[in-house]
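Contents: one structure, followed by commentary.
The values are calculated or read from the model by the stated rules, or taken from the named source; none is laboratory data. Note that the structure is predicted; figures quoted are calculated from it, not measured. Neighbour counts are summed over all protein chains in view; Cβ atoms, including those assigned to glycine, are modelled from backbone coordinates with ideal geometry. Accessible surface is based on the protein model in full, side chains and every heavy atom, while ligands, DNA and RNA are left aside. Shrake-Rupley method; radii C 1.70, N 1.55, O 1.52, S 1.80 Å.
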Amino acid sequence: MAENRRAIYNRRAGYIWLCLFLRLILIAERDGKMYDVIIIGGGVVGSSIARELSKYDIKVLLIEKEDDVASGGASKANSAILHAGYDPVPGTLKAKLNVRGNEMFDELCKDLDVPMKRVGSLVAAFSQDEVDSLYKLYDRGLKNGVKNMSIISSDMVKEIEPNINDTIVAALYAKTAGIICPYGFVIALAENAAQNGVEFVFNQEVVSIDREDDVFRVKTQDSEYFSKYVVNAAGLYADVINNMVSDKHFSIHPRKGEYLILDKEEGYLANTVIFQVPTKMGKGILVSPTVDGNLLIGPTSEDIFNKEFRKTTYKGLEKAIKGAKKSVEKFNERKTITQFTGVRAVPDVDGEDFIIGESDVKGFINVAGIESPGFTSSPAIAEMVREILKDAGLKMAEKDNFNPKRKPVIRFNELTDEERNELIKREPAYGKIICRCETVTEGEIIDAIRRPVGAKSIDGVKRRVRAGMGRCQGGFCSPRVLEILSRELNVDPLSVTKFGGNSNILTAKAKEYVANLYKELLKSEV
Amino acid sequence: MMEYDIVIIGAGPAGLGAAVEAYEKGVRDILIIERDSYPGGILQQCIHNGFGLIEFKEELSGPEYAERFIEKVNKYGIKIMLNTMVLNISSDKVVKAVNQENGVMEIKAKAIILAMGCRERPRGAISIPGTRPAGIFTAGTAQRYVNMEGYMPGKEIVILGSGDIGLIMARRFTLEGATVKAVVELMPYSSGLTRNIVQCLDDFGIPLLLSHTVIEIRGKERVEGVTIAQVDENKRPILNTAKYLSCDTLILSVGLIPENELSKSAGIILDPVTGGPLVNESMETNVEGIFACGNVLQVHDLVDNVTKESRLAADSAVKYIKGLLKQEGKFINAKAGSCIRYVVPQTVNYENIDDKVKFHMRPTDVFKNAYISVKSGGKEIMRRKMQRMTPGEMILIEIKKDKFLDNDLHPVDDITFEVEVV
Ligand SMILES: Cc1cc2nc3c(=O)[nH]c(=O)nc-3n(C[C@H](O)[C@H](O)[C@H](O)COP(=O)(O)OP(=O)(O)OC[C@H]3O[C@@H](n4cnc5c(N)ncnc54)[C@H](O)[C@@H]3O)c2cc1C
Ligand SMILES: Cc1cc2nc3c(=O)[nH]c(=O)nc-3n(C[C@H](O)[C@H](O)[C@H](O)COP(=O)(O)OP(=O)(O)OC[C@H]3O[C@@H](n4cnc5c(N)ncnc54)[C@H](O)[C@@H]3O)c2cc1C
């Protein structure tokens, strides 16, 4: 009897120990994946927040469903303009964050080594009616605190933009507006955040979030991560993420904009960003130089029903071309080198303002409905989110070793011959040109792959170093870039992708299909 | 600064041919610069037959054709700098190039021969709307993957454009066990050589859909299909003829563009139609001492013609160095008249004509039983019957020196080539 009891006791004790042990393992494992803050989404907003939080002694993780930052959403496909800030309605978050964000770009772009040009913008009026609207915009600008604006006559416009249509009457000139390389900026933010300790996981889509004992469990298709705070910066899908956690549902509607990019030969046609006066018919089509010297035309504006319908259409492109001709007739659309679609994340809230703040669930912070001027606002949004986290109780001590500067990027094209020669002597890979259209060397491509948050696909390389972005659109260099990726990442060429997922470039080894056919033939003869 | 008598840019058949010719005409101080790791240019990936029928009277593959020239270049000890990219050329004939061993170099030349070949027109240039997934390749890139790297870029294929490379790849893909569902051509005729249509499509039962185009590309990560439609006379798609073809790959064979970024840096004027430099009877550009030949000058169908052109450019460069090429004289303009798209060369210096001038041209459309008529001052100076003309096949017309003279035995101002349909 006693024996029996003892046995039962022993067994029970063993069981309890086992449970405790398992729980310990679980906690240990969870601790490995335990963060102070998890940011969902690696667009400009998520990456700006990551970089801002990397200034503090906290553990931060960013989760992105695509294979790279600035790859899945609006941050790679937009007008790339730093808006001055006269558009948003005074008093809105958009107005405040736009103007503040705009001011922050000089220092950021210097620290992060990102090309940006304050080329200024014009809102061009082609009739007296439209001139009246200029004054309204000017007034708004004053209220929003925009500096350096003026309304200028057609003569002065012509001086700034000799190729604008002769029907020009007047324009609102805003000198603080600028142009930037949008994905370049996001990549730089992410790199710098990673340098300062932020962790990134890619190819992981958040599929559910639950909260237990003040800890969020964020599940992705393959894994799970834990944190005290969650920042929802999922762009078009911020509604889905919010609705996983909060009872206060909202929804985000997709509205697409189509663009064309013209050859550098057409780049001379615009010196500034040329907007049209917003009318009942819409905001109009802009004509703008890009930081790389091409000409950008677009966007159209069309509500769509599926967030993934990111395609260009005949109609859309035609509309963009026609719209742009209202400002600048002279461009030759046959010089188009590529076209793309961006999708705006339009929230179903009054006034369509940004949704930024802690939700009804403590520690869950929404940064949603970030439409234009979201890119311009992003650094200011990051500051705001930092303050929200502080107010929500996150202890944030400043790091003493935060490095605001990204490791500089070597751009062969911009070096003097002496600099090039020194570089090539040190690292011969910089003497081998891989992309002939944009003069990109093997050294630059290897660097783009090896950097923190480095390139993993053909498009990743393209966005970092412009290989494949020129006239021939990668016809010449993509086989060579594929070879470098396969070598550097130590993967089979067959697994190299265009942009992650199943976007593989090659489908089989030569002779494989014939061999299969032959096998089938043999089978059928048996 | 390095110095050479003749610097040749590009080691394709044009560059190699020019080097061999210049050497045989007595020049020893020659440098060929090539950005790839091997000489031969585009020919190295053209492993099919059909090269050299005129030049060697036998049917060679691309690499074999190239090899004949490479052997001579090696035998003569002509210097080729491989893996070296020319970055720009100045109008006073200084070539700036870069490679891993020497870094950035400046090379002074007495004469330069441009032989950079051409590149393929990408998707943007033809603006097909839709998504931007993996699985869209230009025909030449696909050819490089299959023939040089040993990989297949896809299994179920639609080809847009019936240029020669597209046709050749249709056959290649089929032989590799892939399925080519259709070759779709915007124009009512193919832009490729007739022999390629027969040997590459007809023999394999691959449909050629003329007056059709791709109006949409579908697929998120990899191409899943394309929508094609017939087009009207103005090349606008007729939407109710739209048809969906599922495929994992779209190959573009929609034209070649002479590679003239370098030429522009030297101040060379380009012909807006050919995309190549404007040249005279000696293949000399508007910049004295800079010559052009091969696909950089005009896109050729046959390598044999490239070789001929390269000889002429090299002969002229040799004359130029010796001071025998006349820069002054009476210039005659060669013009493309009705139904002719372009004429090369675009000008002729009467003083430099030895015996005759050979003109290259393409018609704007397909013509049967028509004439090419050459006129000067309203008077016909030559007439040639043509069984069949198509834009895909270059026409060569030779004109004797005396034909350039008017009744008073003065050189004429211009001559015009036109198609006459009877
Ligand atoms: C056509 C157009 C033109 C514009 N022009 C300008 C302009 O000129 N100037 C300007 O200032 N602003 C402009 N904007 C606005 C600006 O582009 C956006 O405000 C900004 O890019 C939004 O950034 P984001 O990080 O919020 O979103 P996104 O860039 O969309 O990033 C969201 C990220 O979240 C990821 N994600 C989504 N769901 C999940 C999930 N479940 N798990 C993991 N990751 C997920 C996505 O893959 C994506 O990478 C424009 C926008 C559009 C559409
Ligand atoms: C796919 C294809 C199939 C063909 N099939 C046939 C056929 O069956 N029969 C036939 O007779 N003809 C055929 N042709 C036509 C003929 O072969 C080509 O017209 C000919 O190869 C053109 O020769 P090229 O020397 O002008 O140009 P390429 O062969 O293109 O050579 C140009 C060279 O210049 C180099 N280069 C360019 N820029 C620079 C720079 N900046 N610095 C250094 N080097 C540079 C390039 O790397 C290249 O090696 C075919 C052509 C193609 C493209």
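What to note about this one:
- A residue that is in a helix (DSSP H, G or I) and open to solvent by 30 Å² or more (accessible area, probe 1.4 Å) occurs somewhere in the stretch A:428-438.
- Residue in the stretch B:226-244 that is within 14 Å of another protein chain (Cβ to nearest Cβ), in a strand (DSSP E or B) and either under 30 Å from B:Gly62 (Cα atoms) or of a type in the set (Ser, Thr, Tyr) (or both) present: yes
- Residue count, the stretch A:453-497 (criterion: facing chain B (nearest Cβ under 10 Å) and part of a helix (DSSP H, G or I)): 9
- Count of the stretch B:394-422 residues which are over 14 Å from B:Phe359 (Cα atoms) and of a type in the set (D, E, K, R): 5
- Test: residue in the stretch B:9-17 that is at pLDDT below 95, buried (at least 19 other Cβ atoms within 10 Å of the Cβ), near ligand 2 (Cβ under 9 Å from one of its atoms) and not in a strand (DSSP E or B): no
- Within the stretch A:242-263, considering residues that are charged (D, E, K, R) and not in a loop (DSSP other than H, G, I, E, B), the one farthest from the other protein chains (Cβ to nearest Cβ): A:Arg255
- Entry remark, the stretch A:209-238: residues being more than 19 Å from A:Ile356 (Cβ to Cβ), open to solvent by 40 Å² or more (accessible area, probe 1.4 Å) and not in a strand (DSSP E or B) number 4 in total.
- Selected residue (criterion: farthest from the other protein chains (Cβ to nearest Cβ)) from residues of the stretch B:81-131 that are farther than 20 Å from A:Asn413 by Cα and free of Cβ contacts under 8 Å to residues at least 60 places away in the same chain: B:Asp92
- Meets criteria (more than 9 Å from chain A (Cβ to nearest Cβ), assigned to a strand (DSSP E or B) and of a type outside the set (Gly, Ala, Ser)) for B:Ile70: no
- Of the strands (runs of 3 or more DSSP E) lying entirely inside the stretch A:335-408, those containing at least 1 residues that are open to solvent by 20 Å² or more (accessible area, probe 1.4 Å), within 11 Å of ligand 1 (Cβ to nearest atom) and touching a strand residue (DSSP E or B) at 6+ places or on another chain (Cβ under 7 Å) are A:336-347, A:355-358.
- Scanning the stretch A:162-184 for residues that are in a strand (DSSP E or B) and within 20 Å of A:Ile81 (Cβ to Cβ) yields A:Ala171, A:Leu172, A:Tyr173, A:Ala174, A:Gly178, A:Ile179, A:Ile180.
- Scope the stretch A:264-293; condition polar (S, T, N, Q), surrounded by fewer than 23 Cβ atoms within 10 Å (Cβ to Cβ) and outside any strand (DSSP E or B); matching residues: A:Asn271, A:Thr290
- Residue match in the stretch B:317-335 (condition: in contact with a strand residue (DSSP E or B) (Cβ under 9 Å, 6 or more places away or on another chain) and within 23 Å of B:Phe51 (Cα to Cα)): no
- Neighbours by Cβ (under 6 Å, 6+ apart or cross-chain): first from the stretch A:66-78, within 11 Å of A:Ile370 (Cβ to Cβ) and more than 12 Å from chain B (Cβ to nearest Cβ); second in a loop (DSSP other than H, G, I, E, B) and away from ligand 2 (no atom under 16 Å from the Cβ): A:Gly73/A:Gly43; A:Ser75/A:Gly43
- Set side by side, the residues A:Lys307, A:Lys311 differ, and just one is under 30 Å from A:Arg217 (Cα atoms) and either at pLDDT below 95 or within 13 Å of another protein chain (Cβ to nearest Cβ) (or both), which is A:Lys307.
- Within the stretch A:412-427, being open to solvent by less than 60 Å² (accessible area, probe 1.4 Å) and more than 9 Å from chain B (Cβ to nearest Cβ) holds for one residue alone: A:Leu415.
- Of all the numbered requirements in (1) assigned to a strand (DSSP E or B); (2) touching a helix residue (DSSP H, G or I) at 6+ places or on another chain (Cβ under 8 Å), B:Glu393 misses one, and that requirement is (1).
- Inspection of the stretch A:196-208 identifies at least one residue that is open to solvent by less than 40 Å² (accessible area, probe 1.4 Å) and away from ligand 1 (no atom under 14 Å from the Cβ).
- In the stretch B:263-291, the residues that are assigned to a loop (DSSP other than H, G, I, E, B), of a type in the set (D, E, K, R) and free of Cβ contacts under 8 Å to residues at least 40 places away in the same chain: B:Glu288
- Close pairs (7 angstrom Cβ cut-off, 6 or more residues apart or separate chains): polar (S, T, N, Q) in the stretch A:38-54, within 9 Å of ligand 1 (Cβ to nearest atom) anywhere: A:Ser47/A:Val69; A:Ser47/A:Val186; A:Ser48/A:Ser378; A:Ser48/A:Ile381
- Just one of the listed residues (B:Leu252, B:Leu278) is on the phi < 0 side of the Ramachandran plot, open to solvent by less than 20 Å² (accessible area, probe 1.4 Å) and not basic (Lys, Arg), and it is B:Leu252.
- Residue list for the stretch B:171-189, filter: open to solvent by less than 50 Å² (accessible area, probe 1.4 Å) and away from chain A (no Cβ under 14 Å): B:Ala182, B:Val183, B:Val184, B:Glu185, B:Tyr189
- Selection count where residues are at the interface with chain B (Cβ under 7 Å from one of its Cβ atoms), out of contact with any Lys or Arg (no Cβ under 7 Å at 6 or more places or on another chain) and either farther than 19 Å from B:Gly150 by Cβ or of a type outside the set (A, V, I, L, M) (or both), scope the stretch A:513-526: 1
- Count of the stretch B:119-150 residues which are farther than 28 Å from A:Arg334 by Cβ and either among the β-branched types (Val, Ile, Thr) or open to solvent by 30 Å² or more (accessible area, probe 1.4 Å) (or both): 4
- Reported count of residues in the stretch B:113-169, each being among the charged types (D, E, K, R), over 22 Å from A:Leu262 (Cβ atoms) and away from ligand 2 (no atom under 13 Å from the Cβ), is 3.
Conditions tested, residue by residue: (1) open to solvent by 20 Å² or more (accessible area, probe 1.4 Å); (2) more than 14 Å from ligand 2 (Cβ to nearest atom); (3) closer than 30 Å to A:Lys425 by Cα; (4) touching a Leu at 6+ places or on another chain (Cβ under 6 Å).
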| site | (1), (2), (3), (4) |
| --- | --- |
| B:Tyr4 | yes, yes, yes, yes |
| B:Val20 | no, no, no, no |
| B:Glu24 | yes, yes, no, no |
| B:Leu43 | no, no, no, no |
| B:Gly52 | no, no, no, yes |
| B:Glu58 | yes, no, no, no |
| B:Lys72 | yes, yes, no, no |
| B:Thr84 | no, no, yes, no |
| B:Ser90 | yes, yes, yes, no |
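- Filtering A:Asn504, A:Asn516 for residues that are of a type outside the set (D, E, K, R), without any contact (Cβ under 8 Å) to a residue 60 or more places away in the chain and closer than 20 Å to A:Asn203 by Cα leaves a single hit, A:Asn504.
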